[in-house]
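Written out below as structure tokens is the structure these notes cover.
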Amino acid sequence: MEPPVTDATAPEWLIDAADARLDDERLARIADDGRPDRLAWNTFRTLALWDTDAWVPALLEVALGDGNELSPLEWSDAAVVPWGAGVPGDGVCDVALEGAHAYVVAVCSLTADVPLEFLRAGAIAALDGSVHGSREAGLVLVAPTMPEDLNERLRLAADVELHDGRRASDLLDAAMGGVTWADLARLALDLAEEGDPDTEPVEAVRQLVLEIEAAAPGEPV
């Protein structure tokens with residue numbers, strides 16, 4: 001499916017607007033154009049229209065590289081939980097990807113310049129979440145573009161000593177990386193193209209591409 005070509009800005013579109021998780025506080029975050037919450041909700045809830053086994057491994061391959069240790073794990077029926085990791089900070093929100101064998105925290109932003117303390121909170125949240133079920137942990141930054149020093153920034157952010165004396169950076173080695181919003185738009189387009197155009201949520205994907213192009217301009221979709 002070709003992405004839509006338009007000069008219009010994305011509409012005030014919200015997928016699954018009746019979802020019980022959208023309480024007053026979260027709706028207020030979504031309504032704030034300076035925050036990434038609406039884009040994160042629409043992006044990951046659109047992707048979640050497909051089984052996670054169809055797209056989480058591909059997302060992790062882009063973020064962590066081919067041959068990473070998390071993509072081959074079992075991702076079918078994983079939970080996709082916006083605000084699930086509780087990462088604090090102005091200008092960021094998180095989405096937790098809770099698989100049977102891995103727990104990945106996506107820290108989402110409308111800018112590539114994410115303060116280290118927010119990335120650090122994401123790293124610690126990923127390790128905390130992975131403890132339940134003795135799962136692997138991962139951290140992914142989602143932003144319009146990737147900073148040139150992304151790997152260094154992630155290592156610095158995770159360079160913190162844990163309660164047992166180990167360092168978060170050692171436990172998350174090779175399990176930290178980043179994807180752009182355009183990467184996620186292309187992933188959604190690929191999912192829609194591979195499915196039945198009469199049954200798959202093609203219109204949701206079109207709306208998502210419009211929103212990403214308007215709210216998080218960076219590399220082209």
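The values are calculated or read from the model by the stated rules, or taken from the named source; none is laboratory data. None of the values given here were measured: they were computed from a predicted structure. All Cβ positions, even for glycine, are placed from backbone atoms using ideal geometry, and neighbour counts span all protein chains on display. Just so you know, the surface numbers come from the protein's heavy atoms only, side chains and all, with ligands and any DNA or RNA stripped out. Shrake-Rupley method; radii C 1.70, N 1.55, O 1.52, S 1.80 Å.
Run the quick spin-label model on residue 163 and residue 33: label points 7 Å from Cα toward the beta carbon, then report their separation in nm to one decimal.
Taking the two extended label points, one gets 4.4 nm.
Which whole-number value in Å² is the accessible area per residue of the range 79-209, probe 1.4 Å?
On a per-residue basis, 43 Å².
Ignoring ligands, DNA and RNA, what percent of the 1.4 Å accessible area of the range 79-221 is carbon and sulfur? Spell out each step's value before the answer.
Numbers: 2930 of 6220 Å².
Looking at the range 79-221 in its full context, I get 47 percent from C and S.
Counting only DSSP beta bridges with both residues in the chain, what percent are antiparallel, rounded to the nearest 5?
Details: 12 of 24 bridges.
Close to 50 percent.
Report for the range 89-175 the percent antiparallel among DSSP-assigned beta bridges with both residues inside it, nearest 5.
55 percent
Tell me, what ³J(HN,Hα) does each residue in the range 66-73 have, in order and in whole Hz, if you take phi through Karplus 6.51 cos²θ - 1.76 cosθ + 1.60 with θ = phi - 60° and put x for Gly and Pro?
Coupling constants for the range 66-73: 4, x, 5, 7, 8, 4, x, 6 Hz.
Counting C-alpha atoms alone, how compact is the range 50-181: give Rg to one decimal and Dmax as a whole number, in angstrom.
13.3, 40
Considering amide H positions built from the backbone, and no H for Pro or chain starts, which residues 5 or more places from residue 178, or on another chain, come under 5 Å of its amide H?
Amide H neighbours of residue 178: 141.
The range 98-139: D in µm²/s via Stokes-Einstein (Kirkwood Rh, Cα pairs, 37 °C, 0.692 mPa s)? Before the final figure, lay out each step's value.
Numbers: Rh = 10.6 Å.
Translational diffusion coefficient: 309 µm²/s.
For the range 151-221, treating each Cα as an identical point scatterer without solvent, what Debye log10 I(q)/I(0) comes out at q = 0.18, 0.25, 0.28 1/Å?
These q points yield log10 I(q)/I(0) values of -0.74, -1.00, -1.14.
Please report the relative contact order for the range 96-164, taking Cα pairs under 8 Å with a sequence separation of at least 6, and give it as a percent rounded to a whole number. Numbers along the way, then the final one.
On the way: 94 pairs, mean separation 27.3, N = 69.
Relative contact order comes out at 40 percent.
Computed on alpha carbon atoms, what radius of gyration and Dmax characterise the range 32-127, expressed in Å?
Values for the range 32-127 (Cα only, Rg and Dmax): 13.1, 38 Å.
Only Cα pairs under 8 Å and at least 6 apart count here; give the relative contact order of the chain as a rounded whole percent.
Here the relative contact order equals 22 percent.
As a check on your grasp of the helix formula, calculate [θ] at 222 nm for the chain: sum -39500 (n - 2.57) over DSSP H runs of n ≥ 4, divide by the residue count, round to the nearest 500.
-11500 deg cm²/dmol
Quick one: the Cα spread of the chain along its three principal axes, in angstroms, biggest first?
Rounded to whole Å, the extents work out to 52, 36, 33 Å.
For a protection proxy built on the mean count of beta-carbon atoms within 10 angstrom, sort 173-186, 64-77 highest first, please.
173-186, 64-77
Using every pair of alpha-carbon atoms in the range 127-191, split the distances into 5 Å bins beginning at 0 and state the percent of pairs per bin, rounded to integers.
4, 16, 21, 20, 16, 13, 7, 2, 1
What is the local net charge at residue 160, summed over the other residues whose Cβ is closer than 9 Å to its Cβ (Lys, Arg +1; Asp, Glu -1)? Before the final figure, lay out each step's value.
Working: positive: 120, 167; negative: 159, 161.
Here the charged neighbours net out to 0.
Between residue 214 and residue 171, 0.36 nm times their residue separation minus their Cα-Cα distance comes to what?
That works out to 11.8 nm of additional length.
Can you compute the charge dipole magnitude of the chain about its Cα centre, using +1 on each Lys and Arg Cβ and -1 on each Asp and Glu Cβ, nothing else charged? Give it in debye, rounded to the nearest 20.
Numbers: 14 positive and 44 negative charges, 121 e Å.
Charge dipole, the chain, about its Cα centre: 580 debye, nearest 20.
Run the simple label-point estimate for residue 128 and residue 69 please: 7 Å along Cα→C-beta, distance reported in nm.
Result: 2.3 nm between the two label points.
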